[in-house]
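Before any comments, here is the structure.
The values are calculated or read from the model by the stated rules, or taken from the named source; none is laboratory data. Just so we're clear, the structure is a prediction, and the values are computed from it rather than from any experiment. A quick note on method: Cβ atoms are made from the backbone with ideal geometry, for glycine too, and the neighbour counts reach across all protein chains shown. Calculation scope for accessible area: heavy atoms of the full protein, side chains included, ligands and nucleic acids excluded. Shrake-Rupley method; radii C 1.70, N 1.55, O 1.52, S 1.80 Å.
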Amino acid sequence: MKQIKKITCIGAGYVGGPTMSVIAQKNPHIQVTVVDINQARIAAWNEEDLSKLPIYEKGLDAVVAEARGRNLFFDTDVDKAIEEADMIFISVNTPTKTYGKGKGQAADLKFIELCARQIAEVAKDDKIVVEKSTLPVRTAETLKSILDNTSSGVNFHVLSNPEFLAEGTAIADLHNPDRVLIGGENTEAINALVGIYASWVPNERILTTNLWSSELSKLVANAFLAQRVSSINAVSELCEATGANVDEVAKAVGMDSRIGPKFLKASVGFGGSCFQKDILNLVYIARSYNLHAVADYWEQVIIMNDHQKTRFAEKIIQTMYNTVNGKQIAFLGWAFKKDTNDTRESAAIYVADHLLDEEAQVVVYDPKVSAAQVYKDLDALGTRAPEANRRLVKVVDNAYEAMDGAHAIAVLTEWEAFKTYDWAQIKEGMKKPAFVFDGRKLLDRKQLEELGFKYYAIGE
Ligand code: UDX
Ligand code: ADP
């Protein structure tokens, strides 16, 4: 196997962008080119002003500043980048299918397939093709079949290298991963990829497996994490009914070293681009092998998550005397978690949708999410006309403005800054009784109750 001198990554999104930036940072001798068909996105990656990069991640600007122009490039010429590369990462989106067989469950592989065909068409010499996007098990086989059957005599080695980074901590996760997983069949190709990570990751944390194990491990890791959140959320409802406190229960349970303390924070429901999509995928795969008990088991994690979002919205309505019609509800946060501008599958979208059905006036403040994105998320649900979303929802760039004159505040994202607000002043400007519904258990109950707020938090 020849030495890897040039890497190309197709897809400059939340995964491809940060991952390749770190690979380039840590391998100054390798030229890394990230390509995307979205010109605006590439232009943003090339922004002189690093605060304008297309995604917000702590520390990303410094990594880009170090490597960009040296051995890290962002471009729209996909063909050229494919032709030049020794190794090609595929990091395009794999949304849940919205049509046809597997609609609402299976992953839509059309973007992956298009990439494979383009690689096969353009490649003139042997390439290592690395799946980076999260994919259903046995996608590598599809990739390989397309590559082998449509190219002219070029050899392709397909590897699976799922990414485990979490948004908001992407750069820290990439710099110091719990493990790097590489699945494949060809030892030389595997070693070439191991070599790239070995520039900064200790050897014992680089795990090699067969292709299918690697692909499945990614789905299972996300399913386990989401399952913990749904488990504690199920317990949160029980706590509300019995007078237990979910944080106390989570702490007591999590101190058992076999269980561990992480991912036991009750919330308004998990969001993000991965958890739901990957579980739906797992469910779909299980069903396609007629493993219905397995499918039902994992599906319950999603059912519980949907229930938690609905339950939170219902709680708001019930508590506010069974009507929110015409009432102003301030949303603190729209992103699916703190420290990111990503809103994919964010619980806030679904909670808002439920309240809008009841004709509430929702005023949204999120420190990183734009008004355009909020409307886009609501319009995508198709629940009501875009004009109705604009009539009922206002997006402001000042939290105090969102809460001024409000009947209630709903905390949807756990941004640290929310804790530091002047709650006495906020209470003055609100309709009475002033309600706070804390979907993240972020604020200080004692402080708010002393100020006279009616405070409700998940699981208490
Ligand atoms: C996840 C996985 O963590 C990561 O390894 C994988 O590569 C991609 O999917 P991400 O979606 O970025 O990462 O966010 P994560 O931190 O896992 O949170 C997912 C959702 O669960 C968020 O909405 C978060 O608020 C929620 N969550 C998480 C809880 O409600 N409680 C918890 O205890 C933990
Ligand atoms: P992820 O969270 O998996 O990184 P994103 O949606 O953020 O997903 O990013 C995927 C990127 O892949 C998008 O910017 C999209 O434009 C790009 N993309 C999809 N298909 C192709 C393709 N055939 N060629 C180049 N880029 C593509």
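GLU83 meets the conditions (1) in a helix (DSSP H, G or I); (2) of a type outside the set (A, V, I, L, M, F, W, C); (3) within 16 Å of ligand 1 (Cβ to nearest atom) in every case but one. The failed one is (3). Only residues that are open to solvent by 50 Å² or more (accessible area, probe 1.4 Å), out of contact with any Phe, Trp or Tyr (no Cβ under 9 Å at 6 or more places or on another chain) and closer than 27 Å to GLY272 by Cα were counted in region 394-432, giving 5.
Scanning region 23-54 for residues that are in contact (Cβ under 8 Å) with a residue 40 or more places away in the chain and more than 19 Å from VAL194 (Cβ to Cβ) yields GLN31, THR33, VAL34, VAL35, ASP36, ILE37, PRO54.
Being closer than 26 Å to GLY168 by Cα and open to solvent by 20 Å² or more (accessible area, probe 1.4 Å) holds for only one residue in ASP366, ASP377, ASP438, and it is ASP377. If the condition is being of a type outside the set (Lys, Arg), under 30 Å from ALA380 (Cβ atoms) and open to solvent by less than 60 Å² (accessible area, probe 1.4 Å), then region 80-101 contributes PHE89, ILE90, SER91, VAL92, THR94, PRO95, THR96, GLY100.
Take the conditions (1) open to solvent by 40 Å² or more (accessible area, probe 1.4 Å); (2) within 13 Å of ligand 2 (Cβ to nearest atom); (3) in a helix (DSSP H, G or I); GLU66 misses just one of them, which is (2). So which pairs qualify, if the first residue must be in region 100-124 and assigned to a loop (DSSP other than H, G, I, E, B), the second must be within 9 Å of ligand 2 (Cβ to nearest atom) and open to solvent by less than 10 Å² (accessible area, probe 1.4 Å), the Cβ gap must be under 7 Å, and the two must be at least 6 apart or on different chains? Every condition considered, the pairs that remain are ASP108/THR94; LEU109/THR94. Search region 301-329 for residues being β-branched (Val, Ile, Thr) and within 29 Å of the chain's Cα centre (by Cα), and hand back the single one that is surrounded by the fewest Cβ atoms within 10 Å (Cβ to Cβ). Selected residue: ILE303. Evaluation of PRO28 against the conditions (1) of a type outside the set (Gly, Ala, Ser); (2) assigned to a helix (DSSP H, G or I); (3) over 25 Å from LEU147 (Cβ atoms) shows that the sole unmet condition is (2).
Checked against (1) open to solvent by less than 10 Å² (accessible area, probe 1.4 Å); (2) free of Cβ contacts under 8 Å to residues at least 40 places away in the same chain; (3) of a type in the set (S, T, N, Q), ASN233 passes all but condition (2).
Restrict the check to region 38-52 and report whether at least one residue is open to solvent by 10 Å² or more (accessible area, probe 1.4 Å), in contact with a Ser or Thr (Cβ under 9 Å, 6 or more places away or on another chain) and not in a helix (DSSP H, G or I). Scanning region 38-52, I find at least one residue that is open to solvent by 10 Å² or more (accessible area, probe 1.4 Å), in contact with a Ser or Thr (Cβ under 9 Å, 6 or more places away or on another chain) and not in a helix (DSSP H, G or I), so the answer is yes. Checking each residue in region 16-37 for being hydrophobic (A, V, I, L, M, F, W, C) and open to solvent by 50 Å² or more (accessible area, probe 1.4 Å) picks out only ILE37. Taken as a whole, the structure places ASP86 among residues that are under 25 Å from ASN210 (Cβ atoms), modelled with pLDDT of 95 or more and out of contact with any helix residue (DSSP H, G or I) (no Cβ under 7 Å at 6 or more places or on another chain). Considering VAL283, VAL268, the condition of being surrounded by 19 or more Cβ atoms within 10 Å (Cβ to Cβ) and either acidic (Asp, Glu) or within 20 Å of GLU167 (Cα to Cα) (or both) is satisfied by VAL268 alone. The residue that is farthest from LEU219 (Cα to Cα), counting only those in region 125-142 that are assigned to a helix (DSSP H, G or I) and either open to solvent by less than 60 Å² (accessible area, probe 1.4 Å) or within 16 Å of ligand 1 (Cβ to nearest atom) (or both), is ALA140.
Would you be able to say whether some residue in region 69-79 is free of Cβ contacts under 8 Å to residues at least 40 places away in the same chain and open to solvent by less than 40 Å² (accessible area, probe 1.4 Å)? For region 69-79, residues free of Cβ contacts under 8 Å to residues at least 40 places away in the same chain and open to solvent by less than 40 Å² (accessible area, probe 1.4 Å): absent.
Taking the criterion of being touching a residue at least 12 places away in the same chain (Cβ under 8 Å) and either open to solvent by 50 Å² or more (accessible area, probe 1.4 Å) or over 24 Å from the mean Cα position of the chain (by Cα) (or both), the residues of region 150-163 that qualify are THR150, SER151, VAL154, ASN155, PHE156, HIS157, VAL158.
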